[in-house]
1. For the range 118-133: of the residues being in contact with a helix residue (DSSP H, G or I) (Cβ under 7 Å, 6 or more places away or on another chain) and small (Gly, Ala, Ser), which is surrounded by the fewest Cβ atoms within 10 Å (Cβ to Cβ)?
2. When you check ARG149 against the structure, is it buried (at least 20 other Cβ atoms within 10 Å of the Cβ), within 21 Å of TYR39 (Cβ to Cβ) and among the basic types (Lys, Arg), yes or no?
3. Would you check which residues across the range 30-74 are part of a helix (DSSP H, G or I), out of contact with any helix residue (DSSP H, G or I) (no Cβ under 7 Å at 6 or more places or on another chain) and among the basic types (Lys, Arg) and list them?
4. GLY99 fails exactly one of the following numbered conditions: (1) more than 17 Å from the chain's Cα centre (by Cα); (2) closer than 22 Å to HIS163 by Cβ. What is the number of that condition?
5. Restricted to the range 51-66, and to residues that are crowded, with 19+ Cβ neighbours inside 10 Å and free of Cβ contacts under 8 Å to residues at least 40 places away in the same chain, which residue is nearest to THR100 (Cα to Cα)?
6. Take the range 79-117 and flag every residue that is crowded, with 21+ Cβ neighbours inside 10 Å and part of a helix (DSSP H, G or I).
7. Taking the range 123-165 only, how many residues are in contact with a strand residue (DSSP E or B) (Cβ under 6 Å, 6 or more places away or on another chain), assigned to a helix (DSSP H, G or I) and either more than 28 Å from ASP79 (Cβ to Cβ) or among the hydrophobic types (A, V, I, L, M, F, W, C) (or both)?
Amino acid sequence: MGLITITGKEYDWLVGTVHFPLFDADIEVNIRGDALLDYAERCAEALQALPDVIVDELCSASARYCDDMRQLYTENGGDIDVPAGVSGRAILDYIDKDGTLIIDPPEGDGVGFRLELNSDWEREHGLEWSICNGEVMYVGAFSDENPWRGRNYFKSATWNYAHLA
């Protein structure tokens, strides 16, 4: 039995669950119809074995996103439910543990996947983490960013908090 438990099909997507150790929770997984299940399993393996350096990069970029949203809300007379100065892995306390792993068909060797998450600082547009071949490609509002778009695309994306450091 694999890491992914398939529970059904919605339109052209297989749906199921997979355990995400970072959150110590089972999360939904959506596999685009033309992505093979063995490839999806490789993505699940990569998710479950995220190196500390990748997790730290995801957390730092998420904290930058949070800080920008705080500034935006403050400038408009509002506030967010995340204390100022949250950094490092402490930001994970403000990210919902009920994310969705999204697996698109591969466009090269290796693995690429996205996580659709919700955060306490941006409930409307959510949070997306996009990882390809062991590299953080995108962190920001959910934008359906295919991780296979390439490093040059993501480095030029001004809405990408992963490449702002």
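1. SER119
2. no
3. Residues satisfying the conditions are ARG42, ARG70.
4. Result: GLY99 passes all but (1).
5. Only one residue tops the list, namely CYS59.
6. ILE91
7. Qualifying residue count for the region: 4.
Here, each number is a calculation from the coordinates, and none is a lab measurement. All of these numbers come straight from a predicted model, not from anything done at the bench. FYI the Cβ positions are ideal-geometry reconstructions off the backbone, even for glycines, and counts take in every protein chain you see.
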